[in-house]
Amino acid sequence: MKAIMVMFDSLNRHMLPPYGADWTHAPNFARLAERAVSFDNCYAGSMPCMPARREIHTGRHNFLHRSWGPLEPFDDSMPELLKQNGVHTHLATDHPHYWEDGGATYHGRYSTFEFVRGQEGDAWKGHVADPEIPEDLKQMRFEVYRQDWVNRRYTDTEERHPQTLTFDAGLEFVRTNHEQDRWFVQIETFDPHEPFFSHKSYKDLYPHDYDGPHFDWPDYKKVIETDGQVRHARYEYAALLSMCDHSLGRVLDTMDDLDLWDDTLLIVCTDHGLLLGEKNWWGKNVQPWYNELVHLPLFVWDPRIGAAGERRDALVQTIDLAPTLLEFFGLERPAGMQGVPLREAFTGPVRQAGLFGAFGGHVNVTDGRHVYMRAPVSAANAPLFEHTLMPTHMRGRFSPAELADMELAEPFEFTKGVRTIRVPGRTFFNPYTHGTLLFDLETDPGQEHPIVDDEAERRMIGLLVELLRATDAPPEQYERLGLPGDGVVTDEHLLVRAQRELAERAAEPLPRAEEFPQGRFSLRSPVRQLISDPAASEVLRRHLPGIADSEMLQLVGATPLISLAAMATGMFPADRLRALAEELAAL
């Protein structure tokens, strides 16, 4: 028996023909749907990138205990369990986060692995001189933007693109070993994650008139760009999606050529989606986890069952991937795994509700009909602690200052008797500003109109509390969310109605950048320029108390204030922005 998992990053379900898209060019996804089972009710779990991959290894949620980070010493890793039981596991990937401190323990769990460099801001090629970049991008906001422009020089053809080289590597493993038994290969590309960098043949699939600035990498923020820019960015994503479709077709062709369908499990999946202007948002992380981000595409071919061209509506999640692969190769699931083999979903329901979220954000639950997004009960978004034995962030270690107040926590059920260190947690976003939200997907599949329904909320809170307890959530999460650690849910735990005003305010779109008054200073001025001028700085401090000296402002000093406002959810409502713009323009 053999298994192939093709994994994309930020693959939008609603952009794929098998899920209703009628304008994107993705014939191989349509071809895949004819050869496999398409799941209509698949949800993410822990997000974003590395928390999702920790779920793929461990088969359990981790976002309640930990932010972005490595596998922990007590984690059971699916590829490692396979390796220890005579299954050769191979990883072929261009995902740059595996190279960083926060992802450094994942690839070593495989028998063999192969990395392709150059995606996004991967610290790959070294150029001391600044690269030549489009005029409108002269003010680079972060080092990764600059590095991306260095890397693009070395990926200027499809043959040199990291995605192409990743599939080259993965398919080389398949062709080399197709006559052997008991192997698993994970072919994982960073695409179609931003930046939406593809080549002319794919861009030509989406002809459109556009004379605006270079725009294939939206920040994670509210939309302030023109309708033309929004449309252009969507076409840039679609072009990269079509490139992903071509790579997928190479896998399907190889399975045809080598007659692998009879004995090879095929899984095609993603970690999460990406907002491309829907609900007036770009990206992920800073807004609620809407279905564009968490309702995922999933395709499975299981040769033991032979179901093809069919659909299933069982509620499944990312945590089900590890148990699926272990079960396929005849291995028992470790006791701590929460997921179930997808084979069970071929014949019936596998769970009543699914849990999802990101560390410090909304804690969410869905039963397939309703989606409930639980915000913290106070603006402090506290208490919040990291529980870890691997104190690293995405691209760095925890600082001595962060570790100064660490404590030893009591063991959790899944830590195998090991005590973790407990460190104060932090986020750059605050879900309180969005309020607690409840959606009825039957009447509002686009999640445009959150509802107030005490009975439905009470039921969803009950499901949420059950899942928190099943996940052995830290005690502080119950306090942060205002939920009972034990006992029953009552009306005093309802929150949607109480936070309705917050939700309505957060949902208001921001005016587009060109609508604000212009002068010597404006909302288009870089933050650094505003802070360096005494008069402009005073206006900032008066309108945005506690913000003008914040770490965020120092970090994004070259960013226009309007872009920062669009990123900092809840801090800059439209009426405050207008007043601020008028004072700056008058200076």
remark   = Flagged in segment 317-348 as assigned to a loop (DSSP other than H, G, I, E, B) and under 24 Å from the mean Cα position of the chain (by Cα), in numbering order, are GLY336, MET337, GLN338, GLY339, VAL340, PRO341
remark   = When (1) at pLDDT below 95; (2) more than 28 Å from GLY59 (Cα to Cα); (3) surrounded by 14 or more Cβ atoms within 10 Å (Cβ to Cβ) are applied to ASP453, the one that fails is (1)
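Could you identify the single residue in LEU91, LEU81, LEU64 that is modelled with pLDDT of 95 or more, touching a His at 6+ places or on another chain (Cβ under 6 Å) and either outside any helix (DSSP H, G or I) or in the same structural domain as PRO195 (by TED's automatic domain parsing) (or both)?
Values: LEU81 fails: touching a His at 6+ places or on another chain (Cβ under 6 Å); LEU64 fails: touching a His at 6+ places or on another chain (Cβ under 6 Å).
Among LEU91, LEU81, LEU64, only LEU91 is modelled with pLDDT of 95 or more, touching a His at 6+ places or on another chain (Cβ under 6 Å) and either outside any helix (DSSP H, G or I) or in the same structural domain as PRO195 (by TED's automatic domain parsing) (or both).
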note = Taking first residues from segment 168-187 that are closer than 21 Å to CYS244 by Cα and second residues anywhere that are among the charged types (D, E, K, R), the pairs with Cβ under 6 Å that are 6 or more apart or on different chains are ALA169/GLU114
query = Can you tell me which of VAL377, VAL423, VAL365 is farther than 24 Å from PRO73 by Cα, touching a strand residue (DSSP E or B) at 6+ places or on another chain (Cβ under 8 Å) and of a type in the set (A, V, I, L, M, F, W, C)?
reply = VAL365
note = Filter segment 483-497 for residues that are farther than 15 Å from LEU468 by Cα and touching a residue at least 60 places away in the same chain (Cβ under 8 Å); the one that is surrounded by the most Cβ atoms within 10 Å (Cβ to Cβ) is VAL496
Of residues in segment 356-374 being farther than 27 Å from MET406 by Cβ and among the hydrophobic types (A, V, I, L, M, F, W, C), the one surrounded by the fewest Cβ atoms within 10 Å (Cβ to Cβ) = VAL365
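For PRO18, are the conditions met, namely being in the same structural domain as GLY283 (by TED's automatic domain parsing), modelled with pLDDT of 95 or more, touching a strand residue (DSSP E or B) at 6+ places or on another chain (Cβ under 8 Å) and crowded, with 22+ Cβ neighbours inside 10 Å? Lay out the reasoning, then the answer.
Values: in the same structural domain as GLY283 (by TED's automatic domain parsing): yes; modelled with pLDDT of 95 or more: yes; touching a strand residue (DSSP E or B) at 6+ places or on another chain (Cβ under 8 Å): yes; crowded, with 22+ Cβ neighbours inside 10 Å: no.
Answer is no for this residue.
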note = Of the conditions (1) among the hydrophobic types (A, V, I, L, M, F, W, C); (2) part of a loop (DSSP other than H, G, I, E, B); (3) over 21 Å from PRO48 (Cβ atoms); (4) in contact (Cβ under 8 Å) with a residue 24 or more places away in the chain, the single one that TRP289 does not satisfy is (3)
query = Do we have GLN139 as at pLDDT below 95 and either closer than 25 Å to MET50 by Cβ or touching a strand residue (DSSP E or B) at 6+ places or on another chain (Cβ under 8 Å) (or both) here?
reply = yes
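The values are calculated or read from the model by the stated rules, or taken from the named source; none is laboratory data. Not measured: the values here are computed from a predicted model. Positions of Cβ are generated from backbone atoms using ideal geometry, with glycine treated the same way; all protein chains shown enter the neighbour counts.
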